[in-house]
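Only one structure is covered here, and it is reproduced in the block below.
The values are calculated or read from the model by the stated rules, or taken from the named source; none is laboratory data. Note that the structure is a prediction, hence the values are computed from the model and not measured. Here the Cβ positions follow ideal geometry from the backbone for every residue, glycine too, while neighbour counts run over all protein chains shown.
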Amino acid sequence: MLTFSLLWEACVGSDRREGVPEVRPSASLLAKILLDEGLLRAMSGSSGFWAHPSRLERTVRKEVSSGIDFYDERGWLGDPASYHREPPELLEPDLRRVWGLIPHEHLSFESGYAPVVGEPGRRRWLGYRENHRAHAWVLRHAEHERPWIITLHGYG
């Protein structure tokens, strides 16, 4: 299990970075890890990348390790807000009304986002076709505004 091995290394390993909080194993943490692993496996059943955990683990370890140095060299670890760029203008958004048990709107558009040139994981991220289109599902209330947002990571 990728997450468990990384957690174990973080708990007992000596290769920890200064300032990173110590992770203390507990029954609650183990339950969260098992839930996370189960959901990852369920969501990733059809993806070739996720189907090879050892390849995934090597790739993630390499990207995280080189990413820490990459972000630190640019000052983004000290000032995370400076990493985030102004999003590109929304061109040709597609907003469609969806009828059903809960009527809503489906908004989709070309995201325009790409990882920074040289950023670890950039090539892999750009290779996932699904990453190039953003989706949002919008619920509107007729009575009065109820501003809130729920965000979910991409599936698979």
Within segment 54-89, which residues are of a type in the set (Gly, Ala, Ser), outside any helix (DSSP H, G or I) and surrounded by 11 or more Cβ atoms within 10 Å (Cβ to Cβ)?
Gly75
When residues of segment 119-143 are limited to those that are aromatic (Phe, Trp, Tyr) and outside any strand (DSSP E or B), the one modelled with the lowest pLDDT
Tyr128
Qualifying positions in segment 101-118 - in a loop (DSSP other than H, G, I, E, B) and either of a type in the set (S, T, N, Q) or on the phi < 0 side of the Ramachandran plot (or both)
Leu101, Ile102, Pro103, Ser111, Tyr113, Ala114, Pro115, Val116, Val117
With Val117, Val138 as the choices, which residue is of a type outside the set (Asp, Glu) and closer than 27 Å to Ala42 by Cα?
Val138
Quick one: in segment 90-118, which of the residues that are touching a Gly at 6+ places or on another chain (Cβ under 9 Å) and surrounded by 10 or more Cβ atoms within 10 Å (Cβ to Cβ) is modelled with the lowest pLDDT?
Leu90
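It is to be established whether one or more residues within segment 7-19 are modelled with pLDDT under 70, touching a Pro at 6+ places or on another chain (Cβ under 6 Å) and surrounded by 12 or more Cβ atoms within 10 Å (Cβ to Cβ). Walk me through it before giving the result.
Filtering segment 7-19 down to residues modelled with pLDDT under 70 leaves 7-17.
Pick out the ones that are also touching a Pro at 6+ places or on another chain (Cβ under 6 Å) and you get 11.
Those still in the list that are surrounded by 12 or more Cβ atoms within 10 Å (Cβ to Cβ) too: 11.
Scanning segment 7-19 turns up at least one residue that is modelled with pLDDT under 70, touching a Pro at 6+ places or on another chain (Cβ under 6 Å) and surrounded by 12 or more Cβ atoms within 10 Å (Cβ to Cβ).
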